[in-house]
1. Scan segment 239-270 for residues that are of a type outside the set (A, V, I, L, M) and either at pLDDT below 95 or in a loop (DSSP other than H, G, I, E, B) (or both) and jot them down.
2. State whether one or more residues within segment 302-315 are at pLDDT 95 or above and either in a loop (DSSP other than H, G, I, E, B) or closer than 15 Å to I11 by Cβ (or both).
3. If I filter segment 486-502 for residues that are under 15 Å from A364 (Cα atoms), part of a loop (DSSP other than H, G, I, E, B) and among the small types (G, A, S), do I get at least one hit?
4. Enumerate the pairs (first residue in segment 313-339 and closer than 19 Å to S18 by Cα; second residue anywhere and of a type in the set (K, R) and modelled with pLDDT of 95 or more) with beta-carbon separation below 6 Å, excluding pairs fewer than 6 apart on the same chain, so at least 6 apart or on different chains.
5. How many residues, within segment 64-84, are open to solvent by 10 Å² or more (accessible area, probe 1.4 Å) and within 12 Å of the ligand (Cβ to nearest atom)?
6. For segment 23-63, which residues satisfy the criterion of being of a type in the set (A, V, I, L, M), more than 15 Å from the ligand (Cβ to nearest atom) and within 23 Å of W462 (Cα to Cα)?
7. Out of everything in segment 191-219 that is under 13 Å from V234 (Cα atoms) and of a type outside the set (K, R), what residue ends up being farthest from the ligand (Cβ to nearest atom)?
8. Determine which single condition E225 fails, assuming it passes every other condition in (1) out of contact with any Leu (no Cβ under 8 Å at 6 or more places or on another chain); (2) modelled with pLDDT under 95; (3) more than 16 Å from the ligand (Cβ to nearest atom).
Amino acid sequence: MAVEWWRDAVIYQIYPRSFADSTGDGYGDLPGIVERLPYLRQLGVDAVWLSPFYLSPMADAGYDVADYLTVDPLFGDLADAQRLIERAHELDLRVIVDLVPNHTSDEHKWFRQALVSEPGSVERARYHFVDGRGEGGELPPNNWKSIFGGPAWTRIDDADGTGDRTQWYLHLFDVKQPDLNWDNEEVRQHFDDVLRFWLDLGVDGFRVDVAHSLVKADGLPDWDEEQAMLDGLVGPMWDQDGVHDVYRRWRKILDEYDGDRSLVAEAWVADPERLALYLRPDEMHTAFNFEFLDCRWDAAEYREIIASTMAADEAVGAPTTWVLNNHDVLRSVSRFGLTDPGSSHEGLGSEDEQPDNEAGLRRARAAALMMLGLPGSAYVYQGEELGLPEHTTLPDELRQDPTWFRSGFTRVGRDGCRIPMAWEAAEPALGFSPNGARWLPQPDAYAELAVDQQVGEDGSTWELYRSALALRKELALGRGTLEWVDVADDVVAFDNGPVRVLTNVLGSPVALPEGCEVLLSSTPIDDGMLPTDASVWLRTS
Ligand code: NOJ
């Protein structure tokens with residue numbers, strides 16, 4: 001039987017508003033993506049994942065969906081989505097779309113109906129509307145906090161228009177992202193329909209947003225832990241066992257379709273074993289390995305995380321899905337350029353430590369070769385293949401991430417990793433749009449990293465990714481098996497089939513074994529030594 005594609009695929013994450021703007025309004029769009037698909041074919045990825053492009057007031061850049069079956073005019077229309085899927089398939093690229101089931105936008109028709117309906121009504125039962133505590137219900141129902149800062153509850157006006165404010169609604173994220181009530185069968189049925197709609201249109205899978213939060217503990221008990229995205233916590237709103245029923249139900253729907261449609265979980269849970277529960281044979285197919293993304297630049301930590309996550313996934317027959325970047329975290333170049341490399345994934349502003357992006361790029365390239373040498377599936381976030389750093393000096397007045405506003409302007413949030421792509425160095429907005437329009441400015445450093453400066457350039461980060469992807473495919477590394485090799489404390493070393501992967505993490509230069517052919521390296525290798533903060537792929541047989 002052919003191996004299912006998602007087991008070893010390299011998937012490129014497109015953040016639609018920042019990829020390619022075809023209209024000149026400063027926002028990327030679906031036709032812009034279609035034009036650039038051959039670029040992704042040339043890079044050598046197997047699939048694309050698109051962050052949400054559905055109808056949305058964009059309070060959280062589209063993760064606040066007002067209608068799951070409509071494309072937001074900012075990005076195009078349904079015919080554009082259809083064309084994108086068809087064109088991708090012609091180029092042998094699979095397409096994964098984002099599914100946001102934990103919450104809708106407050107502009108979704110269900111929420112609007114709920115606001116004008118009585119407490120206890122069918123309309124309110126689709127969300128978590130709860131009476132407040134205190135004599136007049138003036139206190140929130142519990143002490144939960146929003147991931148973006150502030151309380152997770154907002155009080156609303158009463159439906160009769162008298163101005164009495166009798167109920168509160170839950171939003172684990174922004175006030176404009178009310179949480180759906182997944183104990184409600186009508187909610188479950190609606191999402192069955194949403195899945196079928198996109199599957200019928202031809203998508204190859206779904207990335208499931210905050211997959212671990214849909215089901216809340218009975219009675220919504222108090223819990224006052226501070227938390228941020230990617231923190232793996234067990235709490236009454238996270239990783240409740242009941243959530244697995246949802247994925248078993250979805251898996252049955254996907255299995256009705258041909259073509260190995262797949263589900264990838266965005267779930268920040270306590271440990272690899274909890275994550276593996278999402279990957280049991282009748283649930284999801286893959287899940288992002290955020291422990292790997294969040295790892296400090298430290299060889300022992302990498303060894304531990306790679307071993308424990310692979311062991312947990314193998315126990316349920318699932319591949320491990322490696323990731324270093326996405327639209328929520330400090331880009332790896334800047335993360336690894338911190339004084340304590342990789343110690344934080346929070347966005348940075350001008351007042352914060354400014355990363356050493358030169359050291360960071362060296363490490364990010366080494367990390368990429370380590371990642372792409374591992375068996376399993378992997379994600380590459382747009383611009384990662386160029387070695388783009390985070391924009392860490394974005395003027396505050398341009399910030400759009402709700403984290404910035406809800407944290408009382410104390411956490412700058414994620415805009416710095418969502419900057420428009422750099423295509424052509426000499427064009428206005430670096431070729432992102434036809435007329436120089438762009439929703440956020442690129443930093444100066446992006447020009448020399450633009451696509452046209454790197455494609456075909458020996459030693460460029462783009463060529464490193466392209467070569468790694470080609471070799472990975474040729475040598476079937478994604479389907480290989482890992483065997484640890486003992487080289488030195490500071491070196492992550494393993495064999496994967498005919499390839500030995502070595503990553504020197506902050507250690508002194510290490511002699512390469514004699515007689516091995518160097519297939520690829522993240523920095524030039526001379527005198528047979530693997531330098532500090534570098535990776536190499538060697539042919540061992
Ligand atoms: C995770 C998404 O990746 C992030 O961008 C979003 O803000 C939250 N989920 C809420 O949908």
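The values are calculated or read from the model by the stated rules, or taken from the named source; none is laboratory data. Keep in mind the model is a prediction, meaning the values are calculated, not measured. No Cβ is skipped: glycine too gets one built from the backbone with ideal geometry, and neighbour counts run over all protein chains shown. SASA here: full protein model, heavy atoms, side chains in, ligands and nucleic acids out. Shrake-Rupley method; radii C 1.70, N 1.55, O 1.52, S 1.80 Å.
1. At the first step, the residues of segment 239-270 found to be of a type outside the set (A, V, I, L, M) are 239-242, 244-245, 247-252, 255-262, 266, 268.
Correct list: D239, Q240, D241, G242, E256, Y257, D258, G259, D260, R261, E266, W268.
2. To start, the set of residues in segment 302-315 that are at pLDDT 95 or above comprises 302-315.
Going one step further and asking which of them are either in a loop (DSSP other than H, G, I, E, B) or closer than 15 Å to I11 by Cβ (or both), we end up with none.
No - not one qualifying residue is present in segment 302-315.
3. For segment 486-502, residues under 15 Å from A364 (Cα atoms), part of a loop (DSSP other than H, G, I, E, B) and among the small types (G, A, S): absent.
4. Here the result reads N325/R331; H327/R418; D328/R414, each pair linking segment 313-339 to a residue that is of a type in the set (K, R) and modelled with pLDDT of 95 or more.
5. Number satisfying all stated conditions: 0.
6. I33, V34, L37, L40, L43, V45, A47, V48
7. Restricting attention to segment 191-219, the residues satisfying the condition of being under 13 Å from V234 (Cα atoms) are 212-213, 215-217.
Filter once more, so that each one left must be of a type outside the set (K, R): 212-213, 215, 217.
Details: H212: 11, S213: 9, V215: 16, A217: 20 Å.
Checked segment 191-219; the qualifying residue farthest from the ligand (Cβ to nearest atom) is A217.
8. Result: E225 passes all but (1).
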